[in-house]
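Asks: So that we are looking at the same thing, I have put the structure below in structure tokens.
The values are calculated or read from the model by the stated rules, or taken from the named source; none is laboratory data. None of the values given here were measured: they were computed from a predicted structure. When we count neighbours, we look across all protein chains shown, and the Cβ atoms used for this are built from the backbone with ideal geometry, even at glycine. The area values use the complete protein model at the heavy-atom level, side chains included, leaving out ligands, DNA and RNA. Shrake-Rupley method; radii C 1.70, N 1.55, O 1.52, S 1.80 Å.
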Amino acid sequence: MRPAPTLPERVRIGDLDFTVRRSERRRTVGITVDRDGSLLLHAPAGADPDRVLAWVRAKRMWVHRRLADKDLLLAPRQDKEFVTGEGFDYLGRRYRLLLTDREPGTPVRLERGRLHLPRAAARAGGGPEAMVRWYRARGMAWLPRRIAPWAARMALYPGALDVRDLGYRWGSLGQGDRLNLHWAAMQLPVSLLDYLIVHELAHIAEPGHDPAFWAAVRRAMPDHDQRRRRLAATGATL
């Protein structure tokens with residue numbers, strides 16, 4: 001008996017290239033347009049390739065609209081300078097950097113409305129790494145208290161929390177329902193962080209981005225669509 005046909009790892013539909021992700025957990029087909037414009041095609045393991053590809057062809061106009069939305073996100077950003085007076089965002093507010101004479105290994109601190117960074121670390125090129133460590137530490141301390149009420153409201157409880165570099169993704173749900181958020185998300189206003197939290201919590205029940213997923217998001221956050229659009233615009237400025 002010949003084996004049943006399966007989807008290849010990559011498929012091309014017209015001018016669109018998709019990376020295929022198959023999962024035993026999935027029940028439906030879905031498409032993700034990542035923040036860098038890459039396209040992911042999610043499908044249940046064992047799904048009929050012909051039916052999946054026909055579904056994708058019907059979604060081509062939707063994909064092109066989402067790619068157009070990404071243009072703002074992909075706009076060039078101005079690099080930060082690690083000098084006194086440079087501004088860095090934290091929870092939607094701008095804080096100015098102050099270089100200090102503390103030991104180079106001293107972590108970044110937020111004191112009296114200023115971010116304190118050792119001058120020696122900035123001169124040695126260690127400013128970016130020090131700031132990322134600070135955002136990660138603040139996220140690990142601050143986020144659990146923010147996640148808890150949303151989890152209770154949705155009756156969806158994540159496993160561990162990790163704040164790290166996720167490339168072009170704001171968040172993801174890992175093995176064991178581990179909730180991952182990008183350290184850069186700590187620059188966002190709290191209302192947009194709430195949207196990211198609700199989005200990832202909804203994936204505990206609904207792995208894809210099908211109507212059932214968006215219904216779960218909408219129940220918890222009726223204005224989620226406005227927040228999503230604000231996230232796209234705000235994220236382009238960070």
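Asks: Out of the range 35-57, which residues are among the charged types (D, E, K, R) and either modelled with pLDDT of 90 or more or closer than 17 Å to Arg12 by Cβ (or both)?
Replies: Of the range 35-57, the ones among the charged types (D, E, K, R) are 35-36, 48, 50-51, 57.
Of everything in the range 35-57, those that are among the charged types (D, E, K, R) and either modelled with pLDDT of 90 or more or closer than 17 Å to Arg12 by Cβ (or both) turn out to be Asp48, Asp50, Arg51, Arg57.
Asks: How many residues are surrounded by 15 or more Cβ atoms within 10 Å (Cβ to Cβ), free of Cβ contacts under 8 Å to residues at least 24 places away in the same chain and either in contact with a Pro (Cβ under 6 Å, 6 or more places away or on another chain) or under 24 Å from Ala184 (Cβ atoms) (or both) if we restrict to the range 214-238?
Replies: Qualifying residue count for the region: 1.
Asks: List pairs: first residue in the range 47-62 and open to solvent by 50 Å² or more (accessible area, probe 1.4 Å), second residue of a type outside the set (D, E, K, R) and not in a loop (DSSP other than H, G, I, E, B) anywhere in the structure, Cβ distance under 7 angstrom, at least six positions apart or on different chains.
Replies: From the range 47-62, the pairs are Arg57/Ile13; Lys59/Ile31; Arg60/Ile13; Arg60/Leu16.
Asks: Another question about this same structure. For the range 113-127, which positions are on the phi > 0 side of the Ramachandran plot and either surrounded by 14 or more Cβ atoms within 10 Å (Cβ to Cβ) or modelled with pLDDT under 90 (or both)? It would help to see each step written out before you state the result.
Replies: Step one: of the range 113-127, the residues on the phi > 0 side of the Ramachandran plot are 113, 125.
Result: Gly125, single match.
Asks: Does Ala233 satisfy the criteria of being assigned to a helix (DSSP H, G or I), out of contact with any helix residue (DSSP H, G or I) (no Cβ under 6 Å at 6 or more places or on another chain), at pLDDT below 90 and of a type outside the set (S, T, N, Q)? I'd like the intermediate steps shown before the answer.
Replies: Details: assigned to a helix (DSSP H, G or I): yes; out of contact with any helix residue (DSSP H, G or I) (no Cβ under 6 Å at 6 or more places or on another chain): yes; at pLDDT below 90: yes; of a type outside the set (S, T, N, Q): yes.
Spelling it out, Ala233 is indeed assigned to a helix (DSSP H, G or I), out of contact with any helix residue (DSSP H, G or I) (no Cβ under 6 Å at 6 or more places or on another chain), at pLDDT below 90 and of a type outside the set (S, T, N, Q).
Asks: Another question about this same structure. Hey, can you tell me all the residues within the range 126-184 that are assigned to a helix (DSSP H, G or I) and closer than 26 Å to Ser38 by Cβ?
Replies: Step one: list which residues in the range 126-184 are assigned to a helix (DSSP H, G or I), which gives 127-154, 175-177, 183-184.
If the condition is that a residue be assigned to a helix (DSSP H, G or I) and closer than 26 Å to Ser38 by Cβ, then Pro128, Val132, Tyr135, Arg136, Gly139, Gln175, Gly176, Asp177, Trp183, Ala184 are the ones that fit.
Asks: Another question, if that's okay. Please specify each residue of the range 184-213 satisfying the condition of being open to solvent by less than 20 Å² (accessible area, probe 1.4 Å) and of a type in the set (Val, Ile, Thr).
Replies: Hits for the range 184-213 are Ile197, Val198.
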